[in-house]
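One structure is given below, encoded as structure tokens.
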Amino acid sequence: MRIFVTNRLAAPTTVHWHGILLPSGMDGVGGLSQRTIRTGETFMYEFTLKQHGTFMYHSHHDEMTQMGMGMVGLFVIHPRGVPPEQRPNRDFALLLHEWAIEAGTRRPDPNEMTDFNVLTINARAFPGTHPLVAKLGDRVRIRIGNLSQMNHHPIHLHGYYFKITETDGGRIPDAGQWPETTVLVPVGSTRTIEFVADNPGDWAMHCHMLHHVMNQMGHNFPNMVGVDAEGLDSQVRPLLPDYMTMGQNGMGDMGEHVGAGHMAVPPNSIPMVGGMGPHDYITMGGMFTILKVREHLPNGYEQDPGWYQDKPGELASLAPAEVLRRNGIAADGSSAPKPPEGINMAPSQVRPTRGQTPTSTPPGHGEHADHGGTATRPGSRPAPSSGDHDH
Ligand SMILES: [Cu+2]
């Protein structure tokens with residue numbers, strides 16, 4: 001291979017061929033293996049490929065700045081002479097990266113060490129990621145490389161188990177491949193997974209580090225989960241007209257608020273979470289994509305086949321009243337086990353212990369707050385009928 005590299009940066013650079021076996025002087029480490037390529041110069045790298053697999057390339061001069069701003073790529077080498085029946089039908093290559101991009105700006109901040117706010121697969125954050133499309137029965141290979149600044153990414157695939165077949169060190173012998181559902185891709189390495197797409201559907205594939213599926217967010221605000229903020233908004237609004245208390249019930253609504261225009265976001269920023277799915281809002285963004293396995297692909301692999309049509313009886317849904325009744329479950333959930341007294345309850349909900357007087361007694365006080373609906377009296381839990389349970 002002969003590769004010409006022209007430096008159009010304002011700074012010197014080099015290119016390192018990560019995992020490729022080559023002569024020392026072609027390895028691209030600035031200062032160590034070569035002198036750096038100065039602005040405007042064109043260098044030539046030349047070496048013979050003696051291996052196959054999934055590798056990477058990246059700048060190896062001022063690594064923190066240049067890799068942190070995206071001077072990274074995948075380098076895939078296919079073996080010669082593999083019989084067609086041993087080749088995968090689908091062969092995907094994903095490169096993971098993380099960025100610190102101040103809201104409203106367009107330039108990643110390479111100085112950031114911990115708080116990355118844009119997490120990408122092939123430089124795109126969900127819902128901008130492209131789905132991985134496969135046909136039922138396809139042999140699927142997914143190559144995943146990680147050249148993030150600081151983080152490893154445990155990539156989890158739903159609906160399947162797979163085997164880790166390769167690293168950037170080479171093919172793992174069959175006896176050494178164990179089944180997995182999550183593959184940890186350490187920073188500075190590649191992992192290749194393989195499986196047969198025998199389970200049709202829309203399957204989430206995402207980093208399991210939960211802040212890596214959030215897109216843009218700050219982490220420096222107080223924990224609002226469980227806070228009773230009633231009345232706060234009306235008191236703050238005279239001072240801050242757009243004020244809205246958020247997070248009392250978690251962050252799941254954040255993306256929807258932004259999508260619906262209730263909450264302004266700075267230009268050139270992406271909402272904190274997700275995108276619209278076929279059934280509801282998907283509260284994951286960032287390092288998230290979807291494996292779409294279909295029986296038929298009338299428009300081929302390159303076109304998004306849309307959302308999966310679940311087969312009858314294969315979609316989680318509201319439990320029918322009749323089935324609840326037969327299983328002895330109250331329709332309003334009152335037959336569900338209760339948490340121990342005082343745990344995870346607002347102070348107003350906690351029953352006073354003997355000898356204490358309650359400071360206030362809210363309506364429906366006790367174990368059974370009446371929300372004006374179908375609540376049954378405490379103790380009226382339907383008795384389970386015998387021998388007629390749905391399992
Ligand atoms: Cu991650």
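Given a Förster radius of 41 Å and the C-beta distance between residue 248 and residue 327 as r, what FRET efficiency does 1/(1 + (r/R0)^6) yield to the nearest 0.05?
Values: r = 32 Å, r/R0 = 0.79.
Once rounded, the FRET efficiency stands at 0.80.
Only counting other Cβ atoms within 10 Å, I'd like 332, 168 sorted with the fewest neighbours first.
Lowest count first: 332, 168.
In bins 5 Å wide, starting from 0, what share of all Cα pairs of the range 88-309 does each bin hold, as a percent?
1, 6, 13, 17, 16, 15, 12, 9, 5, 3, 2, 1, 0, 0
Let me check I have the definition right: for the range 44-103, take the eigenvalues of the Cα gyration tensor, multiply each by 5, take square roots. What are those semi-axes in whole Å, largest first?
That gives 31, 18, 6 Å for the three semi-axes.
Residue by residue through the range 3-16, which ³J(HN,Hα) values in whole Hz follow from phi under the Karplus form 6.51 cos²θ - 1.76 cosθ + 1.60 (θ = phi - 60°), with glycine and proline marked x?
Karplus-based 3J(HN,Hα) across the range 3-16 equals 10, 9, 10, 9, 8, 9, 7, 7, 10, x, 7, 8, 10, 9 Hz.
Please list, or write none, the lysines whose alpha carbon is within less than 20 Å of the alpha carbon of residue 292, excluding same-chain residues fewer than 8 places away.
Straight-line reach from residue 292, under 20 Å: 135, 163, 311.
Students often check this: by mean Cβ neighbours within 10 Å, which of 317-323, 79-85, 130-136 ranks highest, and how do the rest follow?
130-136, 317-323, 79-85
Between residue 341 and residue 199, what is the spin-label point distance in nm, taking each point 7 Å from the Cα along the Cα→C-beta axis?
So the two model labels end up 4.4 nm from each other.
May I ask for the distance between the Cα centers of the range 72-97 and the range 201-230, given as a whole number of Å?
Taking the Cα centre of each part, the range 72-97 and the range 201-230 sit 33 Å apart.
Short version: ³J(HN,Hα) in whole Hz for each residue of the range 182-196, in order, from phi by Karplus 6.51 cos²θ - 1.76 cosθ + 1.60 (θ = phi - 60°), x for Gly and Pro, what are they?
Values, residue by residue: 9, 10, 7, 10, x, 4, x, 8, 10, 9, 10, 10, 9, 6, 9 Hz.
With all pairs of different alpha carbon atoms counted, what Kirkwood hydrodynamic radius in Å does the range 98-208 show?
15.4 Å
When the distances between all Cα atoms of the range 1-83 are binned every 10 Å from zero, what whole-number percent does each bin get?
18, 51, 25, 6, 1
Quick note: the coordinates plus some simple rules give every number you see, no bench work behind them. The model shown is predicted, which means the values in this text are computed figures rather than measured ones. Virtual Cβ from ideal backbone geometry, glycine too; neighbours counted across all protein chains shown.
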